[in-house]
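Below is one structure, written out as structure tokens, with a few remarks after it.
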Amino acid sequence: MGKGLASRRRTEPALQVHELPPLDAVVLSHLHGDHFDRTARRGLDRATPVVTTPKAARRLHSSGFGEAVGLRTWQQQELRSGPASLVMTSLPGRHSFGLVGRLMPPVMGTLLEYRSHAGRGRCGST
């Protein structure tokens, strides 16, 4: 979890990695065990883009996730697929204040904006 802290999975997720549909990308708010554990690290296709904090992206690159993208606060990344795209904007995030906040890794919130490019501007616009 950060600076000598560790976590252990106590409950299995609703789906195992091999049960997920094909992924265009993964959005990861921060890199520690309750968000990206050993099972995810082993099971995810390392060619899948992972959009996360710059520090987490560097660590993921060293683990073979060559398409990891680190976003600074307010930076955007666009993922296009056919006539649509998803724009991901990194938002300020904080785990906690004081000592606990200093022990935890950097974190980001993410605004996800779906856009349709099929003859219109943004999805829902006229």
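Within the range 61-84, can one find any residue that is among the small types (G, A, S), in contact (Cβ under 8 Å) with a residue 24 or more places away in the chain and under 30 Å from R102 (Cβ atoms)?
Start the filter on the range 61-84 by keeping residues that are among the small types (G, A, S), which leaves 62-64, 66, 68, 70, 81-82, 84.
Checking which are in contact (Cβ under 8 Å) with a residue 24 or more places away in the chain leaves us with 81, 84.
Checking which are under 30 Å from R102 (Cβ atoms) leaves us with none.
Looking through the range 61-84, none of the residues is among the small types (G, A, S), in contact (Cβ under 8 Å) with a residue 24 or more places away in the chain and under 30 Å from R102 (Cβ atoms).
Residue by residue through the range 59-94, note down the ones that are in contact with a His (Cβ under 7 Å, 6 or more places away or on another chain) and assigned to a loop (DSSP other than H, G, I, E, B). Step through it out loud before you land on a result.
Here is the first cut: in the range 59-94, the residues in contact with a His (Cβ under 7 Å, 6 or more places away or on another chain) are 68, 83-85.
Passing the criteria: A68, P83.
Is it fair to say G66 is at pLDDT 85 or above and closer than 16 Å to D24 by Cα? Step through it out loud before you land on a result.
Details: at pLDDT 85 or above: yes; closer than 16 Å to D24 by Cα: yes.
Here the answer is yes, as G66 does meet what is asked.
With respect to M104, determine if the residue is crowded, with 16+ Cβ neighbours inside 10 Å and under 26 Å from L15 (Cβ atoms). It would help to see each step written out before you state the result.
Numbers: crowded, with 16+ Cβ neighbours inside 10 Å: yes; under 26 Å from L15 (Cβ atoms): no.
For M104, the condition - crowded, with 16+ Cβ neighbours inside 10 Å and under 26 Å from L15 (Cβ atoms) - is not met.
From S96, S81, S63, grab the single residue that is surrounded by 12 or more Cβ atoms within 10 Å (Cβ to Cβ) and among the small types (G, A, S).
S63
Here's a check for you: in the range 20-59, which residue that is polar (S, T, N, Q) and without any contact (Cβ under 8 Å) to a residue 40 or more places away in the chain is least open to solvent (accessible area, probe 1.4 Å)?
Narrowing the range 20-59 to residues polar (S, T, N, Q): 29, 39, 48, 52-53.
Pick out the ones that are also without any contact (Cβ under 8 Å) to a residue 40 or more places away in the chain and you get 39, 48.
Numbers: T39: 47, T48: 15 Å².
So the residue we want is T48.
Filter the range 24-48 for residues that are at pLDDT 90 or above, within 13 Å of the chain's Cα centre (by Cα) and farther than 20 Å from S90 by Cα and give the result.
L44
Out of A47, A56, A40, I need the residue that is in contact with a Leu (Cβ under 6 Å, 6 or more places away or on another chain) and not in a strand (DSSP E or B). Which one?
Numbers: A47 fails: in contact with a Leu (Cβ under 6 Å, 6 or more places away or on another chain); A40 fails: in contact with a Leu (Cβ under 6 Å, 6 or more places away or on another chain).
The match here is A56.
Checking T73 against (1) modelled with pLDDT of 95 or more; (2) over 24 Å from M104 (Cα atoms): exactly one of these is not met. Which one?
(2)
The values are calculated or read from the model by the stated rules, or taken from the named source; none is laboratory data. All figures in this text were calculated on a predicted structure; none of them were measured in a lab. A quick note on method: Cβ atoms are made from the backbone with ideal geometry, for glycine too, and the neighbour counts reach across all protein chains shown. Surface accessibility is based on the protein's heavy atoms, side chains included, excluding ligands, DNA and RNA. Shrake-Rupley method; radii C 1.70, N 1.55, O 1.52, S 1.80 Å.
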